Structure formats: C-alpha cells, structure tokens
Amino acid sequence: MILQSISYENFRNHRILTYEPAEGINLIFGPNGSGKTSILEGIHYCALTRGFVSAGDADCLEWQQEYFLLRGDFRSDEGRPQRVHVSYTREKEKQVSVNKNEVKPFSTHIGRIPCITFTPSEIGIITGPPSERRKFIDSAISQTDRRYLEDLLAYRRVLSQRNTLLMQLNERKAQHDPTLSIWSENLAGIAAAIAIKRRRFIGEFSIRLENMYREMDIRENPGMAYRSSLPGAIDAADEEELRERFMKRYRETEKSDIMREQTMTGPHRDDIAFLFNEKEVKRYASQGQTRTFMICLKLSQHRFYSQMLGEKPICLLDDIFSELDERRTERILEVLGTFGQSIITTTERKETGGMTAVSIDSLKKRMERNA
Ligand SMILES: Nc1ncnc2c1ncn2[C@@H]1O[C@H](COP(=O)(O)OP(=O)(O)O)[C@@H](O)[C@H]1O
Ligand SMILES: [Mg+2]
C-alpha cells in the first residue's frame, strides 16, 4: 500500500497542509512541537479510523475550529486507488468514506489499508500490563482476519452483558440464575474461537520473529508463548474442547464471579509472554535487549502482514532514532528498504542515501505559497 498524498484541515496543529510522500523511505524532520507526530496521526486515522496518539477525535480537532477533514489518497500494490476521507465535527459523529462510499461500521475498514506504527512509547507492549499485549495481538490479527475482529466485538458485548448480570445477581444476593448459563455458554463459544486464533497467530508469528533476529544479526533467541487464564495447558486443545473447558470453568467459578461482579476467565484476562533465550523479556532483559525485541517484533509484523495479505503495509515510525545507536539504525533502515513505504519522523535531518527527506517547514511554506 502506498500513500500518495494526504491533506489535513484543522487537524491538531495543522490548519491546512498537504504531504506527498514518495515510495520507499521518507523522512519528515522538524523541531519539537512542529507537528510531525500529527502528520502520522492523520495517516493512521485514514488507515484505521482512529489515532495512535490521541485519546479521542475531539482531541485532534484544532482548538477553536468546528471540524477537521483528512483526505488520503492511497494506492494498493496492484494499483487500485483508495481515496479515504475522514471528517469530524463537534455536533456530528466521525464519518469515514472510501472512494465516496461511506464506511459503516468502521470495523469493515480495518485491514483495507494495512499500517504499522512504531513509537518509543509502544515499549509498553513488553514492559506494560497484559492489556497492552492483548491490544497488540488483537490489532495484529484483526488487520489480517476480519472474522477475528467480529469475534472480538461480539465477545466484548457478551462479556459486558454477562458482567451486568453478575452485578444484578450480586445485588440480589442470588447464587445462580438460568440466564447466566446462557451468557456463559455464548461467551465460552467466542472465547474458544479467539483463543485458538491467538494461539495460531503466536505460532506463525514466532517463526518470523526468529527470522528477523537472524536478519538483524542478533544472536539471542526470541520466542512467544500464550498464557491463557484457563487452568491447564491449551497447546493441544481444539476449539470444541476449549469451548467445553471454558463452559466448565464458568460453571465452577459462578459464585466467585458473582461476588466480584466480574468474569475472571477468558481472552480478556489472557497474556502473552515474550521470551529471549527462553527467559521472559519483561523480567530479565536489559533495556537494550528489550528495545531490540520491540524493534524485531514490529519488523516481523510487517513481514507477517505482507505475507498474509499480499499487500505491503505502510510503516509509520515516530521519533525512534533518538533512542538507537548508529549501527542499529543502519540495520533498521536496510530492512525498511526492503519494505514498501515507510514514513519516519525525526528532529534532526539524517544524511542517509536512498531516502526522501522533507522538513515540516517546507511543507508549511508550500501551503502559504499556494494560498
Ligand atoms: N487539537 C489540537 N489543536 C491544536 N494544536 C494541537 C492540538 N493537539 C496538539 N496540538 C499541538 O500540536 C503541536 C504539534 O504536536 P506534534 O505533532 O506532537 O509535534 P512533534 O511531533 O513535531 O513534536 C504541539 O504543540 C501540540 O501541543
Ligand atoms: Mg512527535
């Protein structure tokens, strides 16, 4: 996928701006606060209908403005145009359209414009709480598997209904309720489907991660393992068996679930262990090793998407070079060179061959000249 052009109106600090990246590696440089991250945020909005920095749409609306509008012109690797518009006003909900057709629900857009972000704060995927890892894996699978995303959304709905019922039962001091079994059964079915897909993803992804370590000349041995909240190993279980085990578990923990007003088992409680040389990265790796793991994880994600979708994702790299040494940077740029399009932000202009560099300042001046 190639972004040919994107224009911004009233989006964060950009009143009006157009950016036309080249194919291959692009560099956007400018001082802090000049709006580099905002440019990537806009691209992310077009690709995934939301940002990777801002909490909500209203945060992206330039202060005191009534609306923002993003127009991204993408071209698939096969040459098909995808014109994405994202508009938002304070009064109306956000609207997304592709080639003038309204996108609804937004989940149907996910995967159409594959996109990977890469920012220093994402290190939380490794060092942060399990929810960060679940977010990573869910987003990674969702972009390559529409059905998985639908399962996730359904799971969230059923889970919240079950939890509401648990709360009501607790208030009524009830121990059991026939409706609870129905919600548990529904939940078990979707939970099994999600767990199976996550397990499969981890298996397929681990191979690419190992390959990436080799490609980057790193001697450590990376790995990933799924940590299910279901007691006992799930490595060999098929979907039906898992469904039954979830059912059994929900039955066994009914009382304590009611007492806590929460469903204590399921994909929303699972975790992924990231390993290097069979040890947990989170607990044993140095800062440098952790960062290396993160980089290889992201680069593998690119390979994974390319192979699963037959489409090279767009890579958005926000301010990553500040934390890397020269040699590692060189290696990453070499790997990125084999990818489709990458857009990198940085405060300092780097003099490296094979890149298209542009300053925020020059983008702004161009707009003023055209005005
Ligand atoms: N909704 C908004 N309206 C106007 N300005 C904003 C909004 N959100 C963020 N900003 C400002 O935009 C500027 C650019 O932010 P950012 O894109 O993160 O810059 P950079 O990545 O170049 O350091 C910052 O000064 C920030 O305060
Ligand atoms: Mg920034």
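Laboratory data are not the source of any read-out in this text; all were calculated from the coordinates shown. Just so it is clear, the model here is predicted, and its values are computed rather than measured. Positions of Cβ are backbone-derived with ideal geometry, glycine not excepted, and every protein chain shown enters the neighbour counts.
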Worksheet item: Which of the peptides 140-147, 303-310 is most tightly packed, and how do the rest follow, judged by the mean count of other Cβ atoms within 10 Å per residue?
Response: 140-147, 303-310
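For a Förster distance of 30 Å, can you work out the FRET efficiency between the beta-carbons of T329 and R369, rounded to the nearest 0.05?
Details: r = 34 Å, r/R0 = 1.12.
The computed FRET efficiency comes out at 0.35.
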Worksheet, complete the sentence: Placing +1 on each Lys and Arg Cβ and -1 on each Asp and Glu Cβ in the stretch 27-141, then taking the dipole about the Cα centre, the residue among V86, I141, T37 whose Cα reaches farthest towards the positive end is I141
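Sort 39-47, 286-294 for me by packing, meaning the mean count of neighbouring Cβ atoms within 10 Å per residue, highest on top. Intermediate values should be presented prior to the final figure.
Working: 39-47: 25.4, 286-294: 16.7.
Highest-to-lowest ranking by the protection proxy: 39-47, 286-294.
Compute for the stretch 125-309: radius of gyration divided by Kirkwood radius, i.e. Rg/Rh, restricted to C-alpha atoms, rounded to two decimals. List each step's numbers first, then the result.
On the way: Rg = 18.3 Å, Rh = 17.7 Å.
For the stretch 125-309, the value is 1.03.
For the chain, what does the helix formula give at 222 nm: sum of -39500 (n - 2.57) over DSSP H segments with n ≥ 4, over the residue count, nearest 500 deg cm²/dmol? Intermediate results must be reported in sequence, preceding the final value.
Working: 12 runs with 169 residues, N = 371.
Result for the chain, helices only: -14500 deg cm²/dmol.
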Fill in: Helix 178-215 axis, angle to the chain major axis (alpha carbon atoms, nearest 10°)
40 degrees
Worksheet item: Relative to the compact globular guide of 2.2 N^0.38 Å, what is the alpha carbon radius of gyration of the chain, as a ratio?
Response: 1.08
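If you place +1 on the Cβ of every Lys and Arg, -1 on the Cβ of every Asp and Glu, and leave all else neutral, what size is the dipole of the stretch 125-309 about its Cα centre, to the nearest 20 Debye? Please list the in-between numbers first.
Details: 32 positive and 27 negative charges, 88 e Å.
Computed charge dipole of the stretch 125-309: roughly 420 debye.
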Worksheet item: Which value, in debye to the nearest 20, describes the size of the charge dipole of the chain about its Cα centre when Lys and Arg Cβ atoms bear +1, Asp and Glu Cβ atoms bear -1, and nothing else is charged?
Response: 400 debye
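Between E204 and I16, what length comes free when the chain is fully extended (0.36 nm per residue of separation minus the Cα-Cα distance, one decimal in nm)?
That works out to 63.4 nm of additional length.
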Worksheet entry | Between 0 and 90°, nearest 10: helix 130-142 axis offset from the chain longest Cα axis | 70 degrees
Worksheet item: Using alpha-carbon positions, what is the distance between the centroids of the stretch 5-46 and the stretch 196-244, in Å?
Response: 36 Å
Worksheet item: Among the lysines, which fall within straight-line cross-link reach of K364, defined as a Cα-Cα distance under 21 Å, with same-chain neighbours fewer than 8 residues apart omitted?
Response: K36, K350
Worksheet item: Given P267, V281, L166, which one lies farthest toward the positive end of the charge dipole of the stretch 125-309, if we put +1 on the Cβ of every Lys and Arg and -1 on the Cβ of every Asp and Glu?
Response: V281
Fill in: Normalised contact order of the chain, rounded percent, pairs of Cα under 8 Å and 6 or more residues apart
26 percent
Worksheet item: Considering the chain as a Gaussian network with a 10 Å cut-off on Cα pairs, which listed residue, R162, R199, R283, attains the greatest mean-square fluctuation?
Response: R283
